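Everything below concerns the one structure shown next.
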Amino acid sequence: MKISVIGAGGWGTALSRLLARKGHSVSLWARSSRLAQDLEKRRVNERYLPGVTLPIENLRVTSDLAEALKDTEAVLLAVPSFAVRETARTLKPLLRDHVLAVVNTAKGLERQTLCTMSRVLKEELGKEKIFTLSGPSHAEEVGRDAPTSVVIAGEDAQTGITLQKAFMTERFRLYFSDDILGVEYGGTVKNIIALAAGISDGLGYGDNTKAALIARGLAEIVRLGVKLGAQRETFFGLSGLGDLVVTCTSPHSRNRAVGYRIGRGEKLSQILKNMAMVAEGVYATEAVRALARAQGAELPITEAVYAMLYEDADPIEQLNSLMTREPKREVL
């Protein structure tokens, strides 16, 4: 299969390597011509995925979008959520009717519209075969062939199963889901909970605190997702609980790392200024809070994270506020 991967960050690079090693013909598009030339020549993405060598066979890197999309059968978008709409608009005149599917990998909502990425892609591309790939899958580990399981979700089961078989390897297992909303909301809200987990770590708290945040964070994901029409069961799978656990605990997690620095007393503006890659939870917090309020969904952890990120609230005070809320029955 000819596959185009749009975005040469860590995840786009890892997916390109995986698919090329399986035998697909892969074109990796980088926005920067300098980065594209460097990757094509040196076969290592030192900035976003250092130490991982790209195969010479089956993988070409270019900054020419038309060239990257020539004769493609499937497109993987590996760009941040805030860039998905603009990227889709650029792609549209270059996509041909024979393209099997467009697969989103961003985990977030559009801040201006509160739309999921699949909704954004449908609006811009006018295509029905839109899918989302999500789950516990750090690029640093996928790029080094660590056994990984993820979910590919979409409304067209036949095409989804075709993609499942095409992408799956002995180290990268895919499950298919027709609950694309659940997969997308799970992948979005878990980043906010990971920020909270990082803040807890930065404050010096231990496993008890983090376990509580993960469990009650899952409750927030379920509460909002079900209100928005997702299937409850989805949130207890790879794209919900699985991704939540890894993002809250892993040293590879950018969201947890940002939270840790907040907990240590740094300001968000300073943290973002020094980051090369995107922490999606920072953007998701604002969008999810607005969406939850519009839906009448109570998300106390999300509200606390928002206050710390955008209102300069004291982390200790926010923790105390969470701990002293009115006693309730545990409900998921």
* Asked: Ignoring ligands, DNA and RNA, what percent of the accessible area of the chain is carbon or sulfur (1.4 Å)?
  -> 48
* Asked: How many Å² of accessible area per residue for the range 234-276, probe 1.4 Å?
  -> 47
* Structure fact -> With a ≥ b ≥ c from the Cα gyration tensor eigenvalues, square-rooted, and the rule rounded for a/c under 1.5, otherwise prolate when a/b > b/c and oblate otherwise, the range 277-332 is oblate
* Asked: Computed over the Cα atoms of the chain, what is the convex hull's projected area averaged over all directions, in nm²?
  -> 15.9
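Starting from the Cα gyration tensor of the range 115-200, take the square roots of the eigenvalues, sort them a ≥ b ≥ c, and report rounded, prolate or oblate (rounded when a/c is under 1.5, otherwise prolate if a/b is larger than b/c, else oblate). Don't jump to the answer; show the numbers that get you there.
Numbers: a/c = 2.33, a/b = 1.15, b/c = 2.04.
Here the range 115-200 falls in the oblate category.
Summarise the long-distance tail of P(r) for the range 194-276 by giving the % of C-alpha pairs beyond 16 Å. Intermediate values should be presented prior to the final figure.
Working: 1848 of 3403 pairs.
Looking at the range 194-276, the distances longer than 16 Å represent 54 percent of pairs.
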* To do: Write down the percent of antiparallel bridges among all DSSP beta bridges whose residues are both part of the range 1-147, to the nearest 5.
  => 15
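How high is the relative contact order of the chain, in percent, with contacts defined as C-alpha pairs under 8 Å that are six or more residues apart? Mind showing how you got there, number by number?
Numbers: 635 pairs, mean separation 47.9, N = 332.
Once divided by the residue count of the chain, the mean separation gives 14 percent.
With the other protein chains left in place, how much accessible area per residue, in square angstrom, belongs to the range 1-141 at a 1.4 angstrom probe?
Working: 6090 Å² over 141 residues.
Per residue, the range 1-141 has an accessible area of 43 Å².
Could you do me a favour and compute the accessible area per residue for the range 143-231, 1.4 Å probe, result in Å²? Display every interim value, and only then the final one.
Details: 3360 Å² over 89 residues.
I get 38 Å² per residue for this part.
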* Structure fact -> As a Kirkwood estimate from alpha-carbon pairs, the range 224-332 has a hydrodynamic radius in angstrom of 15.5
* **Long-range amide H partners of R173 with built H, under 5 Å** => T148, S149, V150
* To do: Using a 10 Å cut-off on Cβ atoms, rank the peptides 101-109, 288-296 from the highest mean neighbour count down.
  => 101-109, 288-296
* Here are some pairs, K70/K92; K2/K127; K2/K41; K227/K328; which of them have Cα atoms lying more than 23 Å apart in this structure? -> none
* Structure fact -> Restricting to lysines and to Cα separations under 30 Å from K267, and discarding same-chain partners fewer than 8 apart, the set is K107, K190, K210
* Unit charges on C-beta of K, R, D, E only; dipole of the range 1-87, Debye -> 200
* Convert each backbone phi in the range 66-81 into a coupling constant with the Karplus relation 6.51 cos²θ - 1.76 cosθ + 1.60 (shift: θ = phi - 60°), then list the ³J(HN,Hα) values in order as whole Hz, x for Gly and Pro. => 4, 5, 5, 8, 4, 6, 5, 10, 8, 10, 10, 8, 10, 10, x, 4
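Note down the magnitude of the dipole of the range 168-314 about its Cα centre, charges +1 on Lys and Arg C-beta and -1 on Asp and Glu C-beta and zero elsewhere, to the nearest 20 debye.
So the dipole magnitude of the range 168-314 works out to roughly 220 debye.
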* Asked: Can you list the aspartates and glutamates whose alpha carbon sits under 20 Å from that of K122, skipping same-chain ones fewer than 8 residues off?
  -> E73, E86, D97, E110, E155, D156, D178, D179, E184
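For every helix of n ≥ 4 consecutive DSSP H residues, a contribution of -39,500 (n - 2.57) applies; sum these over the chain, divide by its total residues, and give [θ] at 222 nm rounded to the nearest 500 deg cm²/dmol. Spell out each step's value before the answer.
Details: 15 runs with 163 residues, N = 332.
So the calculated ellipticity at 222 nm is -15000 deg cm²/dmol.
The values are calculated or read from the model by the stated rules, or taken from the named source; none is laboratory data. This is a predicted model, so every value here is computed, not measured. Please note: Cβ atoms are built from the backbone with ideal geometry, for glycine as well, and neighbour counts cover all protein chains shown. Ligands, DNA and RNA are stripped out before the accessible areas are found, and what is left, the full protein with its side chains, is counted by its heavy atoms. Shrake-Rupley method; radii C 1.70, N 1.55, O 1.52, S 1.80 Å.
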